[in-house]
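For reference, the structure discussed in these notes is given below.
The values are calculated or read from the model by the stated rules, or taken from the named source; none is laboratory data. For clarity, every value in this text was computed on a predicted model and none was experimentally measured. Glycine gets a Cβ as well: all are built from the backbone with ideal geometry, and neighbour counts include every protein chain shown. The protein model used for the area step is the full one, side chains on, heavy atoms only, and it has no ligands, DNA or RNA in it. Shrake-Rupley method; radii C 1.70, N 1.55, O 1.52, S 1.80 Å.
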Amino acid sequence: MKHSLNQKIVAITPPGAIVDNAAFTTAAVDTLGFNQLTIVVLFGAMDVAVAALKLQESDDSGMSGAVDIDGSNYSTEASLPGATADNTMYAFHVDLRGRKRFIDLTLTGGDGTTGTYATAFAILSRAQECPNSAAERGFAGELFV
C-alpha cells in the first residue's frame, strides 16, 4: 500500500480575491473516518497582518455551537502572520481522537491598503478505511507516474 494514498485532501478556502478587513469564506472539514488532520494556509501577497487565524469544532456541518479548539489560536499560541509573511505557509496539526466531527478554519484579513491573499486546504490522514478512488481522496483527477 502507498501510504500517501491513505489520505484525503479537502479545499477549505479555494484561491479567490484578496480579502481586506473581512473574514475569508471557509468550508468545514468532515473528519469522519480519519484520525489525523493537517490544515495548511498558504499566504500570497499581503500588506497587513492577519487579524485572526484559529480552528473551531462542532458536531454540526453548519458549525452551529462551534467552539474554539484549545491550542489552535495563532494570536495566543504563537504569532499571527504579519504584513511581510508573503508566500509563507502556516499549519495546524490536529489529533482527531476525541474531537467533534467537523473542523473549520477562522481566517480574517487585517485592515490594510490592499489586504491579504490566502488559500487553505486540509489533509486528512490515518484513515480507518483507505480511500480507493480519486474522488475519495478529494481529487477531480489523478495521474500515477
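Provide the per residue accessible area, probe 1.4 Å, for the chain, rounded to a whole number of square angstrom.
On the way: 7790 Å² over 145 residues.
About 54 Å² of surface per residue is accessible.
Between the residues THR113, PRO81, VAL67, the greatest Cα displacement towards the positive end of the dipole of region 66-123, with unit charges on the Cβ of Lys, Arg, Asp and Glu, is found for VAL67. For the chain, a Kirkwood hydrodynamic radius built from all Cα pairs, placed in the Stokes-Einstein relation at 37 °C and 0.692 mPa s, yields a translational diffusion coefficient of 207 µm²/s. Extending 7 Å from Cα along the Cβ direction at ASP59 and again at ARG99 yields two label points whose distance is 1.8 nm. Dipole size of the chain about its Cα centre, with +1 on Lys/Arg Cβ and -1 on Asp/Glu Cβ: approximately 480 debye, rounded to the nearest 20. Averaging over all projection directions, the Cα-based convex hull of region 28-110 occupies 5.4 nm² in the image plane. Using C-alpha pairs under 8 Å with a sequence gap of at least 6, the mean separation divided by the residue count of region 11-145 gives a relative contact order of 44 percent. Approximating the spin labels as points 7 Å out from Cα along Cα→Cβ, the ALA78-to-ALA91 distance works out to 1.0 nm.
Place a point 7 Å from the Cα of ASN6 along the Cα-to-Cβ direction; which residues of region 83-127 have their backbone N under 11 Å from it? Residues passing the 11 Å test: 125-127. With helices as the sole contributors, the chain gives -500 deg cm²/dmol at 222 nm; each DSSP H run of n ≥ 4 counts as -39500 (n - 2.57), and the sum is divided by every residue. Within the listed set GLY110, GLY98, GLY16, the residue fluctuating most in the Gaussian network model of the chain (springs between alpha-carbon atoms under 10 angstrom) is GLY98.
Modelled label positions at ASN132 and THR25, each set 7 Å beyond Cα in the direction of Cβ, lie 3.6 nm from each other.
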